[in-house]
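Written below as structure tokens is the structure these notes are about.
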Amino acid sequence: RIAGEIKSFSPDGLVSPKISKRMDKFMLYMLTAGKQALIDGGLTEETMKNLDVAKCGVLIGSGIGGVQ
């Protein structure tokens, strides 16, 4: 079996505090990872203005996230 533990995590700067309060941890991980992937790929707010947003995005797969 494979497992991991996230000991230190903060969505600050990537997810607004208002949204952060209402979401499960797995959703915060997903949003933060997706936004970080866009940043790592060089897609900034400025460059995204010139993109066809219907043709780009982040693909997420989640089987049963959020189940406790």
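Since every read-out is calculated from the coordinates, none of them should be taken as a lab result. Just so it is clear, the model here is predicted, and its values are computed rather than measured. Ideal geometry is used to build each Cβ from the backbone, glycine not excepted, and the neighbour counts take in all protein chains shown.
Report ³J(HN,Hα) in whole Hz for each residue of the range 33-39, in order, from the Karplus equation J = 6.51 cos²θ - 1.76 cosθ + 1.60 where θ = phi - 60°; Gly and Pro get x.
Couplings: 5, x, 5, 5, 5, 5, 4 Hz.
Stretched out fully, how many nm does the piece from ILE2 to ASN50 gain, at 0.36 nm a residue minus the Cα gap?
13.2 nm
If we count other beta carbons within 10 Å of each Cβ, what is the order of LEU59, LEU31, LEU51, fewest first?
The order, fewest Cβ neighbours first, is LEU59, LEU51, LEU31.
Looking at VAL53, MET27, GLY42, which one has the Cα that reaches farthest to the positive end of the dipole of the chain (charges on Cβ: Lys, Arg +1; Asp, Glu -1)?
Result: MET27, furthest along the dipole toward the positive end.
Would you list GLU5, GLU45 from fewest to most Cβ contacts within 10 Å? Each step should come with its number before you reach the end.
On the way: GLU5 4, GLU45 7.
Least crowded to most crowded, the residues run GLU5, GLU45.
Rounded to the nearest 500, what is the 222 nm mean residue ellipticity of the chain from helices alone, with -39500 (n - 2.57) per DSSP H run of 4+ residues and division by all residues?
Estimated from H runs of four or more residues: -10500 deg cm²/dmol.
Limiting things to C-alpha atoms, what are the Rg and the maximum Cα-Cα separation (Dmax) for the chain, in angstroms?
Every Cα atom of the chain included, Rg and Dmax give 14.0, 44 Å.
Just how large is the dipole of the chain about the Cα centre, in debye to the nearest 20, putting +1 at every Lys and Arg Cβ and -1 at every Asp and Glu Cβ? Please list the in-between numbers first.
Numbers: 9 positive and 7 negative charges, 59 e Å.
Taking the Cα centre of the chain as origin, the dipole is about 280 debye.
DSSP loop trypsin sites (Lys or Arg not before Pro) in the chain with at most 11 other Cβ atoms within 10 Å of their Cβ, which ones?
Of the trypsin sites (Lys or Arg not before Pro), the ones in loops of the chain whose Cβ has at most 11 other Cβ atoms within 10 Å are ARG1, LYS7, LYS49.
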